[in-house]
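The values are calculated or read from the model by the stated rules, or taken from the named source; none is laboratory data. Everything quoted here is computed from the prediction, not taken from an experiment. In this analysis, Cβ positions are derived from the backbone assuming ideal geometry, glycine residues included, and neighbour counts consider all displayed protein chains. In case anyone asks, the SASA skips ligands and DNA or RNA and just uses the protein heavy atoms, side chains included. Shrake-Rupley method; radii C 1.70, N 1.55, O 1.52, S 1.80 Å.
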Amino acid sequence: MFKIRKKKRGRSYYLFPMAWVAVLTGVIFIGVYNSPLGNEPDQQIKADEPSQAEQKDKKETGYEDEGKKRITENGTEYKLEEKIDNWLETMTLEEKTAQLFVVTPETIGGEEAVDQAGETLLQGLREYPVGGLVYFSQNLISPEQTRGMLNKTRAYGKRAAGLPLFLCVDEEGGTVARIGNNPEFSVDKVEDMEQIGGKQDRKAAYEAGKTIGNYLSDLGFNLDFAPVADVFTNPDNQVVKKRSFGSDPQLVSDMAYQVEKGLSDCGILGVYKHFPGHGATSGDTHEGYAYTEKELEEMLHTDLLPFFQASEQKVPLIMAGHIGAPKVTGNDMPSSLSYTMITEVLREKLGYDGIVITDALNMGAIQEQYDSAQACVMAVKAGADMLLMPADFEAGYKGILEAVETGTITEDRLDESVRRILRIKLNLTED
């Protein structure tokens, strides 16, 4: 919600009550008129304000007031931002660069299908202390195997980098559920978001997030590439049809927030996807180019509303999709690589300061146009903080290093992303 900060009242406000009312009225009008969502009251955000208990919970998990939070380590108290400064001072350029990447365990584990955490994986993490690993069906055989693999991987990550790893999975519920659709895992199944959205039951959305969060947390994951925050406005779009909560932007926003809250309450980081919205496109970015024909003003009232509210609600991560928005950017650049979309729209206009992670960079929309080094450098220059699954990880990693060394990417820009990553990682609870 848009809020107006009250100034301290001086004597003049008591002497001139009518003037004070006029000033307040003018300020409120200006605040609404200048909001990113336009000047029509019925177009403003209508999300439920978090309760005091919810606000307290967010502060305790580090999603709010990070700079004020104090962390005790070896008997010494630090403000979180001070600890981030200390970490950055000790990190090499190579370590900072590696933290930007989320890759499959096979990428650094050197095996066709990793279902155990062995010495090869440990050596890979020592050479490339990446920010996270993402797991797919071939990695997930049974609850016991998955739990053991992730617990060992978590320990390896801490030994290699001194930081927690993001242990990630695509678990949206319904048709996209690596765990829920595996008969070896006896977990409660969650239906497609299309069905949950059709009920318009926000409690059901929260319970879906909590159900998924419970079993992911039990297995050892700490990050889920969910919820889908795409507003389904193109009936021909089959990519997100069952995965979207529907065509009402406010309903999608409310439901996505409830799923994210359910995940968060179980200790799982949620990731809103796919900015700026995949629901209006006709193409599939897995295969090739997909784009929206909407102009920015229209997008602010539809596709972008859930991401604006995500910013207001301090959602920890947003995924930038490979969706083109030519009427906003003036070109065919995928949003995941676009400075206009990530920095000017998501960061500046919508006010988001959490982690921006790209969608998988091995998808057709990227591979058909760019090599891995180009794509990774362009994404970081655009404002992305983390790079998901480049087709050639080593080429992407070396591309970032070379870009920093040549000044194409400044080290300050690199530090900006690493700070966002550390801000979350240094608050993760490790058993």
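Can you compute the modelled spin-label distance between Ser142 and Thr90, with each label point 7 Å from Cα toward Cβ, in nm?
Label at Ser142, label at Thr90, 3.9 nm between them.
Ranked by accessible surface with a 1.4 Å probe, highest first, in what order do Glu171, Glu82, Glu144 come?
Glu144, Glu82, Glu171
My understanding is that a pair violates if its Cα-Cα distance is over 21 Å; which of Lys83/Lys210; Lys273/Lys349; Lys210/Lys241; Lys199/Lys349 do that in this structure?
With Cα atoms farther than 21 Å apart: Lys83/Lys210; Lys210/Lys241; Lys199/Lys349.
Take the alpha carbon atoms of the stretch 301-377, find their center, do the same for the stretch 143-212, and report the distance between the two centers in whole angstrom.
24 Å
Rounded to the nearest 10 Å², what accessible area does Asp371 show when all protein chains are kept and the probe is 1.4 Å?
80 Å²
How do Glu106, Glu295, Glu89 rank by accessible surface area computed with a 1.4 Å probe, from largest to smallest?
Glu89, Glu295, Glu106
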